[in-house]
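For reference, the structure is listed below as structure tokens.
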Amino acid sequence: MNVAKERAGDAAVYVRLALVAVAWGGTFIAGRSLAGVAPMFSASLRFLLASAALSLFLVVSGKGFRRVTAGQALVVTLLGFCGIFSYSFFFFSGLQHISASRAALIVALNPAVMALIAYLFYHERVSALKMLGIALCFGGVALVVGGGDPQRAGAGGSGWLGEALIGGCVLSWSAYSVFCKSVVRQLGPLHTVTYSIYAGTLMLAAYTACTGALDFAAVAQFSSGEMLSLLYLGIVGSAVAYIWYYDGIQKIGVARAGVFIALNPLAAVLFGAALLGEQMTLATLLGGALIITGIVVENFRSGTGCAQAAEPRLEVSAEPSRELSTKLSGQARG
């Protein structure tokens, strides 16, 4: 009976993680739908909604709010700058220039770039299998950006600026994911993300106000599609997705949860074609296949079945930087 309940519980977690991956893939579609709105204003509204939703969850769930030291507050503020403020700038600005599917495939480099940063700064061991996954990811992105000729990547065309901006997303989130290791171990992943969202939201609101783009009256002029996209980004793509993802990590372990990252770009490509009418070239399809394969290879662990999946929390992991990279790279989302 207990085994049957455990399997049913795991199945429910798998379903939620799959929905999280699909939700994060959908953020690129929603962001593209807001291309007519000032980028930083869109970002401010998104994370105001996310802050409210996450605060409500912490109160209702009984998890509450944790005290932070001055040092932790400084780190969280820096994380808010990297992971929320700068990421949002690159994300919404980039989506004004290139398609949602191309953006999602470029952002799928997150796990590969994080692995390289962790190696350079933390001397984390990079296995031959992980190197293969990294190579596949970079090769796939070269195909997507180069349109079939990797040597043309970024060399010209109307989308080069958008591709460069989306590349900024990769650097921003990779920095966030790798350098938040210490504070995540102290505060826990959910509180770290929530507090960094608070900090990033304040930065976004201040910047938008200083540039004259903070105009809440303009929200009334949003179309129904823009309003739904904004609600999706703030509540579904940020708050709900974070909550379900971290719950899944605690129940089935980082290794198994990390495999679902591969669904993010796939969902974005399918949504882009179905909802926005984005055309898929052969180079994009082949590049996407390489990227998804690379993500799966990177997240593969030999002998990770029960032993690693049984690790319930990031904080007690023997390899915090590796698990952190795998876990937080689910923000290949948007």
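Across q = 0.12, 0.13, 0.20 Å⁻¹, the stretch 14-73 modelled as identical point scatterers on its alpha-carbon atoms has Debye log10 I(q)/I(0) values of -0.50, -0.57, -0.98, in the order of the q list. A simple rule links phi to the HN-Hα coupling: the Karplus curve 6.51 cos²θ - 1.76 cosθ + 1.60 with θ = phi - 60°, which for the stretch 240-248 gives 4, 4, 4, 4, 5, 5, 5, 5, x Hz, with x for Gly and Pro.
The heavy atoms of VAL15 present about 90 square angstrom of accessible area, all protein chains included, probe 1.4 Å.
Only protein heavy atoms count here; under a 1.4 Å probe, LYS251 has an accessible surface of about 110 Å². Once the Cβ-Cβ distance of VAL60 and SER223 is raised to the sixth power relative to R0 = 41 Å, the FRET efficiency obtained is 0.80. Compared with the alpha-carbon gap, the fully stretched path from ALA70 to MET131 is longer by 18.2 nm at 0.36 nm per residue.
Heavy-atom accessible area for ARG32, with the other protein chains in place and a 1.4 Å probe, reaches approximately 80 Å². Accessible surface comparison of TYR242, TYR207, TYR119, probe 1.4 Å, protein chains only, largest first: the order is TYR119, TYR207, TYR242. Against the criterion of solvent-accessible heavy-atom surface with a 1.4 angstrom probe, MET131, MET40, MET280 sort, most first, into MET131, MET280, MET40.
The values are calculated or read from the model by the stated rules, or taken from the named source; none is laboratory data. Because the structure is predicted, anything quoted here is derived from the model rather than measured. As a convention, Cβ positions derive from the backbone with ideal geometry for all residues, glycine included, and neighbour counts pool all protein chains shown. Remember, those area values only see protein heavy atoms, side chains included, never the ligands or the DNA or RNA. Shrake-Rupley method; radii C 1.70, N 1.55, O 1.52, S 1.80 Å.
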